Amino acid sequence: MQRTKQNPGNNDFDLDEYLEAKASGAETEDYGLPNREEHKPTLKRNLLAIGVFLVAAALWSFVGGPFGFFGFGDGEQVEITEVFPPLPPVSNLPEAPPVPMPEYAEIEGAYLDYLQQIQEQNLTMFSGNATQAFYNSGVPIQYLLDLQTAGLINNFSYSAIIGLYNSNVPVNYLVAMLNAGYLDDFSYSAIIGLYNSNVTISYLNGMEQAGFLDDFSYSAIIGLYNSNVTISYLEQMQQAGFLDEFSYSAIIGLYNSNVTTSYLNTMQEAGFLDEFSYSAIIGLYSSNVTIDYLQQLNNAGFLDTFSYSGIIGLYSNNVPVQFLQILDERNLLDNMSYSEVIGAYLTDN
């Protein structure tokens, strides 16, 4: 049997002899192996071992056990990224408080101070819930005192007072509405709308004198006022019998498009007023479509064939009713749009 190659690092060492001696129980110190010294555990080594164990246990728990540690888990590779501490929660931002009227100072002090002032000023007509609502809504006590001085403190609920103050409605406007006799005609929300839309008392007076105040809602009055619709135009519409025929938005559109009541009269006399919407009437009037052209279309049976924009297009391109009759006789009109009719007429003419 060949000898095993000796260890190049130790020329005196024979592995075969070492194995034979080991098997027979002989000592191995003479075969070139270094003696192993036994090292007794020290406190430093024990602490180091405990520290390594704790770190390994923490990492073990973080990645989800042995499978998570090596990325086996669900068959997906686990990517360990740097972990940042969570950001502190963002608290809900308070809503912006209403801008107080310049003649009133903002409420200062605690609710108990506010409650004490309410008692001292003999504003005891309000419940505790109302008083707390005043405080939370920023209604100064002076605003309540001004309402009381004007004799209006019992005209409004506490929620109405909060709405009026936060909408910057001054007490003197309420006094003017009272003196004009309109305070009982409008709700507090209507008063807020009228004031913030700058509707003057004189305009309301004009509406009242003409007998229109009960014919329109407050939103209609605001729309008419802000669209500069004059009282005289409303009177003309009433005299012609059209005030009940159109909504306030239609009246605004007719007025701002300069549609005269005489044109409306002519349309009505020809029997066309109920055939068209107010926007159609505005379009026909602004495009100078004559009543005679409408009558020709009606007599030929084509008035319902085209929309008002189609009629405007035909008239503006000078398409005669006779041409429409020719197309109809050839059974072509039903398959053509008004723009195609215009194109066919312009091609041959």
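Read the figures in this text as sums done on the coordinates, not as results from a lab. The shown structure was predicted, so the numbers you read here are calculated from the model rather than taken from an experiment. Please note: Cβ atoms are built from the backbone with ideal geometry, for glycine as well, and neighbour counts cover all protein chains shown.
Wholly within the range 254-349, which helices (runs of 4 or more DSSP H) include no fewer than the required count, namely at least 3 residues that are among the hydroxyl-bearing types (S, T, Y)?
Working: elements: 261-269, 278-286, 291-300, 308-316, 321-329, 338-348.
Fully inside the range 254-349 and qualifying: 261-269, 278-286, 308-316, 338-348.
Determine whether the range 230-237 contains at least one residue that is farther than 25 Å from L273 by Cβ and not aliphatic (A, V, I, L, M).
Taking every residue of the range 230-237 in turn, none turns out to be farther than 25 Å from L273 by Cβ and not aliphatic (A, V, I, L, M).
Kindly list, by first and then second residue, each pair from a residue in the range 186-202 that is without any contact (Cβ under 8 Å) to a residue 60 or more places away in the chain to a residue that is outside any helix (DSSP H, G or I) and surrounded by 12 or more Cβ atoms within 10 Å (Cβ to Cβ), limited to pairs with Cβ atoms under 7 Å and residues at least 6 apart or on different chains.
Y188/F156; I191/V169; I192/S167; I192/V169; L194/F186; Y195/V169; N196/S167; I201/A180
May I ask you to verify whether E245 is part of a helix (DSSP H, G or I), acidic (D, E) and under 29 Å from G206 (Cα atoms)? Steps first, answer last, please.
Details: part of a helix (DSSP H, G or I): no; acidic (D, E): yes; under 29 Å from G206 (Cα atoms): yes.
No; evaluated as a whole, the condition is false for this residue.
Can you pull out the residues in the range 178-218 that are more than 20 Å from T230 (Cβ to Cβ), within 34 Å of the chain's Cα centre (by Cα) and of a type in the set (A, V, I, L, M, F, W, C)?
Within the range 178-218, L183, F186, A190, I191, I192 meet the criteria.
Do we find a residue being farther than 30 Å from G128 by Cβ, out of contact with any Leu (no Cβ under 7 Å at 6 or more places or on another chain) and acidic (D, E) anywhere in the range 197-212?
yes
Just to be sure, is I282 touching a helix residue (DSSP H, G or I) at 6+ places or on another chain (Cβ under 7 Å) and not small (G, A, S)?
Values: touching a helix residue (DSSP H, G or I) at 6+ places or on another chain (Cβ under 7 Å): yes; not small (G, A, S): yes.
So I282 passes the test.
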